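What follows is calculated from the coordinates using simple rules that are stated; it is not laboratory data. Just so you know, these numbers come straight off a predicted model, no measurement behind them. Here the Cβ positions follow ideal geometry from the backbone for every residue, glycine too, while neighbour counts run over all protein chains shown.
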Amino acid sequence: SIPLGYFGGIGAASRLGVLFKGGNYLDAITKINTVVFDKTGTLTKGTFNVQLCKTQPGISKEELIRLAASVERNSTHPIAKAIVNHAEEKNITPVSTTEVTEIAGYGLETNIEGTRILVGNIRLLSKYQVSYPKELSAIPDTIVVCAIGTEYAGYLLLSDSLKEDAFQAVEELKALNINNIQILSGDRQSIVTNFAQKLGITKAYGDLLPDGKIKYVEELRQDSRNQIAFIGDGINDAPALALSNVGIAMGGLGSDAAIETADVVIQTDQPSKVATAIRAGKQTRKIMW
Ligand code: ADP
Ligand code: MG
């Protein structure tokens with residue numbers, strides 16, 4: 001049975017925008033010493049903007065944007081939404097595509113009039129043995145590359161930005177004496193490192209496939225001294241949320257899968273509510289004992 005005090009704690013936390021799915025998590029959250037954030041949509045706004053488009057000779061920007069948008073229409077990824085919006089703004093009408101395959105952590109693959117089309121990251125091109133200019137690896141922003149058949153066709157450069165509240169989130173956790181703060185992401189390492197440095201986070205791991213995130217949290221769990229809170233918003237994050245000691249979903253724009261799997265749901269888009277949740281747990285303990 002749940003001691004009465006927890007009901008008061010759950011109510012108080014919910015008034016602060018943090019939903020605890022049970023009194024046991026109010027207790028568990030006070031023991032957290034390791035906080036692992038997903039990047040996109042959790043610490044960053046997750047709303048990308050297309051900054052520029054670069055094509056191979058013989059392909060126009062309009063063609064490349066049309067191609068990318070036609071394929072991305074079939075995806076709900078934040079990157080996909082940005083590309084579809086960009087085409088719309090430029091009055092570029094996508095063509096209809098059938099049987100588009102989404103490969104988590106890579107991008108999309110389809111067939112248009114008998115030609116294989118790839119839209120995703122450079123890892124996707126490598127997977128299909130499509131060669132691309134070496135310079136692409138050095139671009140310090142998120143890029144979406146396209147291939148037509150076996151040929152690299154060009155890229156779109158997108159930017160995301162940190163939430164103002166992400167700085168607050170780190171500051172408040174450190175004030176609670178939680179110094180083991182980490183970022184996990186499927187995005188490229190250089191981008192993840194850049195955001196992490198701005199936030200004062202030293203442990204930042206990029207280039208992770210959805211499976212890689214799960215394995216990483218599993219490994220952390222092997223050492224019982226690590227009491228882990230994982231904070232994420234995406235469908236991909238559900239397994240990591242389930243594996244951590246306390247799984248926390250960003251409820252604002254988060255996916256249903258993340259919200260359902262989590263033990264605690266933040267009802268805004270503010271990662272600093274993680275600290276709010278920990279303080280609520282500690283406050284409840286103080287009242288009870
Ligand atoms: P994260 O939420 O950490 O970015 P994901 O697994 O969702 O992790 O994505 C990892 C990477 O895979 C993205 O950064 C992007 O490069 C690529 N990717 C995934 N889905 C798409 C898509 N629909 N279009 C283009 N690239 C994609
Ligand atoms: Mg995410």
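Results, tabulated for the structure shown:
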quantity: Restraint check, LYS203/LYS286; LYS215/LYS286; LYS215/LYS273, Cα-Cα greater than 29 Å; calculated: LYS203/LYS286; LYS215/LYS286
quantity: Counted charge near ASN245, where neighbours are those whose Cβ lies closer than 15 Å (Asp, Glu -1; Lys, Arg +1); calculated: -1
quantity: Amide proton proximity set for LEU108, modelled H, under 5 Å, gap of 5+; calculated: ILE103, VAL119, GLY120
quantity: Overall Cα dimensions of the chain, principal axis frame, Å, largest first; calculated: 73, 32, 31
quantity: Relative contact order [Cα under 8 Å, 6+ residues apart], the chain, whole percent; calculated: 26 percent
quantity: Under the Karplus curve 6.51 cos²θ - 1.76 cosθ + 1.60, θ = phi - 60°, whole-Hz ³J(HN,Hα) for segment 57-66, x wherever Gly or Pro sits; calculated: x, x, 10, 7, 4, 4, 4, 5, 5, 4
quantity: Karplus (6.51, -1.76, 1.60) ³J(HN,Hα), θ = phi - 60°, over segment 132-148, in Hz, Gly and Pro reported as x; calculated: 9, x, 4, 4, 4, 5, 8, 5, x, 10, 6, 10, 10, 9, 10, 10, 10
quantity: Relative contact order [Cα under 8 Å, 6+ residues apart], segment 49-159, whole percent; calculated: 29 percent
quantity: Whole-number D in µm² s⁻¹ for segment 110-181, Kirkwood Cα-pair radius fed into Stokes-Einstein, 25 °C, 0.890 mPa s; calculated: 164 µm²/s
quantity: Anisotropy class of segment 49-159 from Cα gyration tensor, a/c 1.5 cut; calculated: rounded
quantity: Equivalent ellipsoid semi-axes - Cα gyration tensor, segment 135-289, angstrom; calculated: 32, 17, 15
quantity: Modelled FRET efficiency - R0 45 Å, THR115 with GLU164, Cβ distances, 0.05 increments; calculated: 0.55
